[in-house]
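The values are calculated or read from the model by the stated rules, or taken from the named source; none is laboratory data. Every value quoted in this text rests on a predicted model; they were computed, and no experiment measured them. Every residue, glycine among them, receives a Cβ derived from its backbone with ideal geometry; neighbour counts consider all protein chains shown.
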Amino acid sequence: MARRSAINPVADAVVVALNVTTLRALAPGGVSRNRPANQVPPYVSLGPCSEVAADAAGTNYGADVTVPVRVITGGDAANGESRAASILDEAMRLLDLRTSLTVTGWQVLDIWWRGNRIAEDPQADGTMNYVGTATFLVQVRQS
């Protein structure tokens, strides 16, 4: 069996896991891998992802895939930051267990949450967006 990259299958599985009613109620702009042009906040965007080899027993190719989940919100400081935190909290809840993801061609071994960060993102029109990022590590093995 040849080694394959796990980035696309893992990122696609994360989009499916997050693109549910409870998260879309908080982020009606949707969930995507790449930010759509002219997307209106709040929305969730994944990436860029990265991976490193995590082989087991020499014959089972594995990977640790880092998946940044970004939340973009608008509004005043209190509302924008609080909303970003609420959306990140829901994303963390949805990705809490390894059974949260079904990754085509891969077995999910574990999911780890690596931390959150919320930053201001001034816009050209003078408004302020808030970008919240939750970073997850997904450990997979080729099946």
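Select, from Pro42, Pro36, the only residue that is touching a residue at least 12 places away in the same chain (Cβ under 8 Å) and either at negative phi or not aromatic (Phe, Trp, Tyr) (or both). Steps first, answer last, please.
On the way: Pro36 fails: touching a residue at least 12 places away in the same chain (Cβ under 8 Å).
After ruling out the rest, the residue left standing is Pro42.
Checking the conditions here, which among Thr73, Thr66 is among the polar types (S, T, N, Q), within 17 Å of Leu18 (Cα to Cα) and under 12 Å from the mean Cα position of the chain (by Cα)? Steps first, answer last, please.
Values: Thr73 fails: under 12 Å from the mean Cα position of the chain (by Cα).
Only one candidate passes the filter, namely Thr66.
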- Note on the structure: The condition from (1) farther than 19 Å from Arg24 by Cβ; (2) not in a helix (DSSP H, G or I) that Tyr130 misses is numbered (1)
- Message: For the range 59-111, give me each residue that is closer than 30 Å to Thr127 by Cα, surrounded by 20 or more Cβ atoms within 10 Å (Cβ to Cβ) and in contact with an Asp or Glu (Cβ under 9 Å, 6 or more places away or on another chain).
- Response: Ile72, Thr73, Gly80
- Would you please list the contacts, defined by Cβ atoms under 8 Å and residues six or more apart or on different chains, that run from a residue in the range 19-30 that is among the β-branched types (Val, Ile, Thr) to a residue that is part of a helix (DSSP H, G or I) and surrounded by 11 or more Cβ atoms within 10 Å (Cβ to Cβ)? Val20/Leu94; Thr22/Glu90; Thr22/Leu94
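Scan the range 79-107 residue by residue and report those that are closer than 18 Å to Arg33 by Cβ and β-branched (Val, Ile, Thr).
Taking the range 79-107 and keeping what is closer than 18 Å to Arg33 by Cβ, we get 87-88, 91, 94-95, 100-106.
Ile87, Thr102, Val103, Thr104, listed by residue number.
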- Query: Quick check, is Ala54 among the small types (Gly, Ala, Ser), at pLDDT 95 or above, surrounded by 13 or more Cβ atoms within 10 Å (Cβ to Cβ) and closer than 14 Å to Ile111 by Cβ?
  - Reply: no
